[in-house]
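Trainee: Structure provided below as structure tokens; questions to follow.
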Amino acid sequence: MSTYKTQAIILRENDYINADRLFYVYTQNYGKVILMVKGGKKIQSKLTPHLQNFSIVNLLIAKGKTFDRLASSQILHYYQDIKNNFEKIAIAYNFLELVDKSTHVYHPDEKIFNLLVENLEALNDNRLDIIQLKNLSNFFTIRFLNILGYSLQLYNCLYCKKKIESNENYFYPRKGSIACSKCLPTKSDRIIKISDDAIKVLRMVILENPQKLIKIKIDSKLSIELEKLITEFTKFHLDSQIKSKEFIAQTINP
Ligand SMILES: [Zn+2]
């Protein structure tokens with residue numbers, strides 16, 4: 001029987017027939033994989049104790065006809081601080097749900113795996129305040145959409161193509177682009193005024209890793225503006241049925 005080894009992050013799990021269980025995992029080398037775990041439902045299963053949420057695991061997987069099967073697993077890293085914090089659990093589930101709902105099995109993309117690892121790592125930091133947590137969640141969405149090919153256009157005006165100057169600019173959520181005040185069209189397309197600081201932060205979100213991003217000083221007013229811009233942009237590109245987003249809204253109220 002042929003086998004393969006890979007690092008992975010558990011996205012979700014559900015019951016299968018008999019005592020078996022299915023685990024949806026995002027692997028470093030093979031993209032999303034559905035794994036069948038024999039007897040995974042049983043409390044005394046030898047295989048499932050290492051398949052914990054919010055951890056990075058090393059897996060040995062055996063190729064199967066319908067589903068691949070888990071042969072062995074080992075925890076490489078466990079994010080304890082996420083597990084201990086209700087707000088962080090909500091955000092981590094949102095990361096996992098976004099990836100699960102927007103990817104297909106066996107389409108490897110190491111950037112997505114690395115994005116999950118970096119963000120779980122950043123989220124595990126025990127010094128984060130509630131604004132930083134919200135920002136981390138919103139920045140993840142922008143970075144993830146960027147990997148999927150939905151990138152923000154933040155440097156030139158959508159219409160006249162001139163470099164964006166500070167002062168009065170507008171964000172077009174449907175296009176993820178900015179227009180200068182001179183080009184503000186009369187069309188009924190939804191636009192939102194965007195501050196210079198919000199433009200600066202969004203530019204950094206694309207370039208920097210989450211550990212650096214959470215160190216940027218962002219007050220609650222700017223954080224609320226960013227959340228609004230990102231939520232409006234996201235509506236056009238992601239499944240509206242992202243349940244964990246509502247869960248975050250109910251859990252975190254800065
Ligand atoms: Zn313009």
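The values are calculated or read from the model by the stated rules, or taken from the named source; none is laboratory data. Everything numeric in this text was worked out from a predicted model, so none of it was measured. Every residue, glycine among them, receives a Cβ derived from its backbone with ideal geometry; neighbour counts consider all protein chains shown.
Trainee: Within region 53-65, take every residue that is over 18 Å from the mean Cα position of the chain (by Cα) and surrounded by fewer than 19 Cβ atoms within 10 Å (Cβ to Cβ) and give me the one that is modelled with the lowest pLDDT.
Mentor: Filtering region 53-65 for residues that are over 18 Å from the mean Cα position of the chain (by Cα) and surrounded by fewer than 19 Cβ atoms within 10 Å (Cβ to Cβ), the one modelled with the lowest pLDDT comes out as Lys65.
Trainee: So is Ile112 assigned by TED's automatic domain parsing to the domain that holds Phe233, at pLDDT 95 or above and of a type outside the set (Gly, Ala, Ser) or not? Lay out the reasoning, then the answer.
Mentor: Values: assigned by TED's automatic domain parsing to the domain that holds Phe233: yes; at pLDDT 95 or above: yes; of a type outside the set (Gly, Ala, Ser): yes.
Judged against the criteria, Ile112 is a match.
Trainee: Continuing with the same structure: Given the options Leu184, Leu120, Leu136, name the one that is at pLDDT 95 or above and farther than 30 Å from Asp68 by Cβ.
Mentor: Leu136
Trainee: I've got another one for you. Mind listing whichever residues of region 98-118 are in a loop (DSSP other than H, G, I, E, B) and of a type in the set (S, T, N, Q)? Before you say what the answer is, go through the steps one by one.
Mentor: Initial filter on region 98-118 (in a loop (DSSP other than H, G, I, E, B)): 103-104, 106-109.
Thr103, the sole residue that qualifies.
Trainee: Given the conditions (1) of a type outside the set (Ser, Thr, Tyr); (2) in a strand (DSSP E or B); (3) free of Cβ contacts under 8 Å to residues at least 40 places away in the same chain, report the number of the one that Ala8 does not fulfil.
Mentor: (3)
Trainee: Every residue in region 149-165 that is in a loop (DSSP other than H, G, I, E, B) and under 30 Å from the mean Cα position of the chain (by Cα), please.
Mentor: Hits for region 149-165 are Gly149, Tyr150, Ser151, Leu152, Leu158, Ile164.
Trainee: In addition: Given the condition part of a helix (DSSP H, G or I), modelled with pLDDT of 85 or more and more than 24 Å from Ile89 (Cα to Cα), answer yes or no: does some residue in region 207-220 qualify?
Mentor: yes
Trainee: Additional query: Which condition number in (1) in a helix (DSSP H, G or I); (2) closer than 17 Å to Tyr24 by Cα is the one that Glu121 fails?
Mentor: Result: Glu121 passes all but (2).
Trainee: A further question follows. Does region 150-197 hold any residues that are exposed (fewer than 15 other Cβ atoms within 10 Å of the Cβ), over 17 Å from Thr231 (Cα atoms) and either touching a residue at least 60 places away in the same chain (Cβ under 8 Å) or more than 15 Å from the ligand (Cβ to nearest atom) (or both), and which are they?
Mentor: Answer for region 150-197, where residues must be exposed (fewer than 15 other Cβ atoms within 10 Å of the Cβ), over 17 Å from Thr231 (Cα atoms) and either touching a residue at least 60 places away in the same chain (Cβ under 8 Å) or more than 15 Å from the ligand (Cβ to nearest atom) (or both): Ser188, Asp196.
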